Amino acid sequence: MEETNNQLNIELSEEIADGIYSNLAIITHSNSEFVVDFVKVLPGVPKAKVKARIILTPQHAKRLLQALGENISKFESIHGTIKQTDAGLPMNFGGPTAQA
């Protein structure tokens, strides 16, 4: 019997590998998807642009939540508790109310 190879080959382009800085995430959802908009807000600048948008199924959103929780726990076990600070951002920019 032939063995099945369950490995996934993931390619990362140079452009994507550079990453995008974000200090605000705005999360909205419908019955079939979650939309996460990553924004870079600069001090003193009243306008900010969405730098990346990720659309997830509810199942993948939940898996992402679990994976982030596990990774934050691992990080904090090595580096100590992550302190939350008030960034001074308004809680609602006139759009969706869920933010992370």
Worksheet item: Can V41 be described as part of a strand (DSSP E or B) and either within 23 Å of T85 (Cβ to Cβ) or among the β-branched types (V, I, T) (or both)?
Response: no
Item to complete: Would you mind stating whether E2 is at pLDDT below 95 and either open to solvent by less than 50 Å² (accessible area, probe 1.4 Å) or of a type in the set (D, E) (or both)?
Response: yes
Worksheet item: Among the residues of region 73-82, is any open to solvent by less than 100 Å² (accessible area, probe 1.4 Å), at positive phi, at pLDDT 90 or above and not in a strand (DSSP E or B)?
Response: yes
Worksheet, complete the sentence: Picked from region 44-72 (must be assigned to a loop (DSSP other than H, G, I, E, B), open to solvent by 100 Å² or more (accessible area, probe 1.4 Å) and out of contact with any strand residue (DSSP E or B) (no Cβ under 8 Å at 6 or more places or on another chain)), the residue nearest to H29 (Cα to Cα) is K47
Worksheet item: Given (1) at pLDDT 95 or above; (2) touching a strand residue (DSSP E or B) at 6+ places or on another chain (Cβ under 9 Å); (3) loosely packed, with under 10 Cβ neighbours inside 10 Å, where does A17 come up short, assuming only one miss?
Response: (2)
Response to the item:
Counted residues in region 23-72 being of a type in the set (S, T, Y) and at pLDDT below 95 come to 0
Worksheet item: Quick one: how many residues across region 20-38 are open to solvent by 100 Å² or more (accessible area, probe 1.4 Å) and outside any loop (DSSP other than H, G, I, E, B)?
Response: 1
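The values are calculated or read from the model by the stated rules, or taken from the named source; none is laboratory data. Because the structure is predicted, anything quoted here is derived from the model rather than measured. Counting neighbours? That spans all protein chains shown, and the Cβs are built from the backbone with ideal geometry, glycine included. Heads up: the accessible areas ignore ligands, DNA and RNA and are worked out on the full protein's heavy atoms, side chains in. Shrake-Rupley method; radii C 1.70, N 1.55, O 1.52, S 1.80 Å.
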